[in-house]
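A.B. asks: Structure provided below as C-alpha cells; questions to follow.
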Amino acid sequence: MPKRLPAMLSAVLVAVALGTGTAAASPALVGGTAADQPYPFAVSLHTSSGALFCAGSLIAPSWVATAAHCLSAEKPATVGLRVGTADADQGGETPKAAEFVLNPHFNAADQTGDLGLIRLAEPVQATPVPLGEAAGPGTATRLLGWGQTCATPDCGPVASSLQQLDTHLVEGANCSSAFDGTAELCTDSPGGKAGSCYGDSGGPELARDGDRWVLAGVISRPGNGSTTCATAPSIATSVVAYRPWIEEKTG
C-alpha cells in the first residue's frame with residue numbers, strides 16, 4: 001500500500017497509513033494492473049501543492065468516503081480533489097472540500113474506526129458508487145488506488161494512472177494489527193506479494209452486486225503492521241458496519 005495504507009503505531013501508523021506525503025500515507029496497489037474500465041466514483045486526494053496522498057469514493061453527489069487518517073491532520077481548504085478520471089493529474093471534476101466529518105470511533109493510535117467523510121462545496125456530475133451489503137470471508141473484491149506500485153517506503157512514485165487489484169476477503173485471524181472484526185474487512189494479499197500500499201489509503205474496496213460495483217470498504221492499513229506493503233492481508237474499514245452513521249451524516 002505504498003502511501004495508501006494507514007499508519008501503524010503512532011508515527012509508523014501515520015507513515016504507513018494510506019496516503020503519501022502527509023500525515024497519512026498509505027500503500028498503492030502493489031501487483032495490480034491499470035484500470036480496465038471507468039470508475040467514475042474514484043476520487044484522488046491531493047495536497048495544496050498537488051501531490052497525491054490518499055484516495056476516496058464518491059458515495060453521493062456531494063459526499064466522498066475516505067479514511068479518517070487521511071483527513072485528521074488536514075483542513076478542507078488545503079485538500080484538492082479530482083473525481084471521475086483514471087488520471088490523477090488531469091481530467092474529471094475538481095470540486096472544493098467544504099467540511100470533513102470523522103467517524104467518532106476513529107482511534108488514531110491503532111487506526112481502528114478509520115472512516116471519514118468529505119462534504120463537497122457543490123455537487124458533482126460523476127456517478128456515485130452505491131454502498132454494499134454484508135460481505136464475509138470468501139467474497140471476491142477489487143481494490144482501486146493510485147498508490148506506490150513497489151512495496152517499500154519511498155521506493156518509487158505513486159501511480160499517475162488508476163490501478164486495480166482483484167482479491168478476496170479472508171478470516172479476520174489473518175490480520176493481526178488491532179483488527180476489529182465487527183467493523184473491518186481482512187483482505188487477502190494474492191501470492192503474498194500484492195496489495196494496497198502508500199497512497200492507496202482511503203480508496204475503495206469494491207464487491208459485485210449483479211452487474212454493478214458496490215462499495216464494501218475503505219482501504220485503511222496493513223494487516224500485520226509492516227512498513228513493507230503486501231507482505232500479508234490488509235485491513236479495510238467496512239462501510240456496511242458504518243452504513244447507519246454514513247446515511248445519518250450524508251442525509
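A.B. asks: Among (1) part of a loop (DSSP other than H, G, I, E, B); (2) on the phi < 0 side of the Ramachandran plot, which single condition is Val64 missing?
C.D. replies: (1)
A.B. asks: Regarding Ala55, is this residue under 20 Å from Cys197 (Cβ atoms), in a strand (DSSP E or B) and either in contact with a Leu (Cβ under 7 Å, 6 or more places away or on another chain) or among the hydroxyl-bearing types (Ser, Thr, Tyr) (or both)?
C.D. replies: Yes.
A.B. asks: Still on this structure, please answer the following. Starting from region 92-113, keep only residues that are part of a strand (DSSP E or B), then list their pairs with residues that are among the charged types (D, E, K, R) whose Cβ atoms are within a distance under 7 Å, requiring at least 6 positions of separation or different chains.
C.D. replies: Ala98/Arg119; Glu99/Arg119; Val101/Arg119; Val101/Lys249
A.B. asks: Tell me, which residue of region 89-117 that is at pLDDT below 95 and small (Gly, Ala, Ser) is surrounded by the fewest Cβ atoms within 10 Å (Cβ to Cβ)?
C.D. replies: Selected residue: Ala109.
A.B. asks: I'm told Leu169 meets every condition in (1) out of contact with any helix residue (DSSP H, G or I) (no Cβ under 7 Å at 6 or more places or on another chain); (2) within 24 Å of Ala60 (Cβ to Cβ); (3) among the aliphatic types (A, V, I, L, M) except one. Can you identify the failing condition by its number?
C.D. replies: So the condition that Leu169 fails would be (2).
A.B. asks: Given the criteria outside any strand (DSSP E or B), surrounded by fewer than 18 Cβ atoms within 10 Å (Cβ to Cβ) and in contact with an Asp or Glu (Cβ under 8 Å, 6 or more places away or on another chain), does Gln125 qualify?
C.D. replies: Yes, satisfied.
The values are calculated or read from the model by the stated rules, or taken from the named source; none is laboratory data. Predicted model only: the values in this text are computed from it and were never measured. Here the Cβ is made from the backbone with ideal geometry for all residues, glycine too, and neighbour counts use every protein chain on show.
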